[in-house]
Amino acid sequence: MDLTDQPTALLPGDVRMPLLGFGTWQATGQAGYDAVLAALDTGYRHLDTATVYGNEREVGRAVRESGLRREDVFITTKLPPNQVGRERQTLEASLEALGVDHLDLWLIHWPPRSPADSIPLWRELIAARDENLTRAIGVSNYSTAQIDELIQSTEENPAVNQIEWSPALYDRQRHAEHRDRGVVLEGYSPFKTSDLSDPVLVRIAAAHGVSPAQVVLRWHIDHEIVAIPKSVTPERITANFDVFHFSLTAEEMRDIDALGEG
Ligand SMILES: NC(=O)c1ccc[n+]([C@@H]2O[C@H](COP(=O)([O-])OP(=O)(O)OC[C@H]3O[C@@H](n4cnc5c(N)ncnc54)[C@H](OP(=O)(O)O)[C@@H]3O)[C@@H](O)[C@H]2O)c1
């Protein structure tokens with residue numbers, strides 16, 4: 001499957017981000033390498049890593065071993081904000097470990113402890129993007145107020161905010177706040193924050209002949225929210241990608257939304 005065959009979110013600069021990516025937190029060493037290679041063989045074209053995951057080297061090796069062209073894989077990594085003042089060295093270390101000359105998306109992993117660092121840090125990401133070291137830039141674990149502060153100070157909105165998200169955490173207002181600001185919402189921990197035996201998910205899964213986990217991922221995609229499930233289990237890696245042959249009805253979407261609105 002080509003990157004252009006998958007549903008994508010459009011980021012500034014005409015950057016296409018696949019709505020379904022592969023999470024790699026806690027997928028380290030040989031198991032991490034094997035999982036990422038299996039994901040790429042399955043068809044995933046979007047990988048999510050971070051400096052603090054300690055697996056950028058394995059992720060980069062799997063991309064090379066996959067035989068895919070660099071431009072056919074969307075790679076995200078994240079800057080730990082305790083690297084204030086060492087942003088460029090941290091980015092160069094990520095590029096070196098991944099074995100690439102640019103990222104597709106570089107995120108600030110969480111808001112810096114000192115609010116005074118917030119704008120200088122964001123300006124470092126803008127500079128890296130302007131030098132083509134990354135195609136897009138964004139944040140993670142930011143509140144809407146923290147995003148607004150960046151936009152007001154720099155007139156540059158983060159392309160993405162990566163936050164914890166799942167049916168049980170569904171927040172219509174927060175989703176709308178992202179959309180209104182042109183910020184793509186990327187969800188993390190879709191399963192860890194879900195009850196996969198919830199009767200609503202089980203009923204909808206049965207109606208489509210799929211699993212509740214697949215319903216959770218399809219729900220993200222039908223909301224145009226990026227999902228990045230992680231697995232080191234070959235069958236789950238395959239099943240989590242097998243969500244493009246069905247879609248949810250408006251009524252099913254409402255029923256799942258309601259799990260977070262109760
Ligand atoms: N920005 C941030 O602060 C932040 C924080 C957390 C996560 N993330 C990113 O988001 C990604 C996903 O989040 P996550 O890793 O926390 O959690 P997750 O993807 O919700 O859940 C992963 C867990 O679910 C299991 N699993 C995978 N597929 C399954 C399926 N079909 N049915 C049942 N269980 C399944 C996995 O087990 P096995 O691996 O054993 O199969 C693993 O234990 C991370 O890997 C990371 O890339 C970002």
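The values are calculated or read from the model by the stated rules, or taken from the named source; none is laboratory data. Model, not experiment: these values are computed from the prediction. Neighbour counts are summed over all protein chains in view; Cβ atoms, including those assigned to glycine, are modelled from backbone coordinates with ideal geometry. The protein model used for the area step is the full one, side chains on, heavy atoms only, and it has no ligands, DNA or RNA in it. Shrake-Rupley method; radii C 1.70, N 1.55, O 1.52, S 1.80 Å.
Across the stretch 104-121, computed HN-Hα scalar couplings (Karplus, 6.51 cos²θ - 1.76 cosθ + 1.60, θ = phi - 60°) run 8, 8, 10, 10, 7, 5, 7, x, x, 4, 9, x, 5, 7, 4, 6, x, 5 Hz from first to last residue, x flagging Gly and Pro.
If you plug the beta carbon distance of residue 192 and residue 245 into 1/(1 + (r/R0)^6) with R0 = 41 Å, you get a FRET efficiency near 0.95.
Can you figure out the FRET efficiency of residue 96 with residue 30, using R₀ = 30 Å and their beta-carbon distance, to the nearest 0.05?
On the way: r = 21 Å, r/R0 = 0.69.
That pair, residue 96 with residue 30, gives E of 0.90.
So what is the calculated 222 nm ellipticity per residue for the chain, using -39500 (n - 2.57) for each DSSP H run with n of 4 or more, over all residues, to the nearest 500 deg cm²/dmol?
Counting only the DSSP helices, I get -12500 deg cm²/dmol.
Shape call for the chain from the C-alpha gyration tensor, a ≥ b ≥ c root eigenvalues: rounded (a/c under 1.5), prolate (a/b greater than b/c) or oblate? The shape class here is oblate. Amide hydrogen proximity for residue 165: with H placed 1.01 Å from N in the peptide plane, the residues at 5 or more positions away or on another chain lying under 5 Å are 188.
Oblate is the label for the stretch 2-57, because the ratio a/c of its alpha-carbon gyration tensor axes (a ≥ b ≥ c) is 1.5 or higher and a/b is not greater than b/c. Multiplying the residue separation of residue 10 and residue 254 by 0.36 nm and removing their Cα-Cα distance gives an extension gain of 85.4 nm. For the stretch 38-178, the square roots a ≥ b ≥ c of the C-alpha gyration tensor eigenvalues yield an a/c of 1.5 or more together with a/b not exceeding b/c, which makes the shape oblate. Measuring nothing but protein heavy atoms, the accessible surface of the stretch 90-197 at 1.4 Å probe radius is 46 percent carbon and sulfur.
For residue 68 and residue 200, FRET efficiency with R0 = 25 Å and r from the beta-carbon atoms, rounded to 0.05?
On the way: r = 37 Å, r/R0 = 1.49.
Between residue 200 and residue 68 the formula returns 0.10.
In the context of the full set of protein chains, the chain has a per residue accessible area of 43 Å² (1.4 Å probe).
Note the full-extension length gain between residue 172 and residue 238 as 0.36 nm times their separation in residues minus their Cα-Cα distance, in nm to one decimal.
Values: separation 66, 0.36 × 66 = 23.76 nm, distance 2.98 nm.
Full extension of this stretch gives 20.8 nm more.
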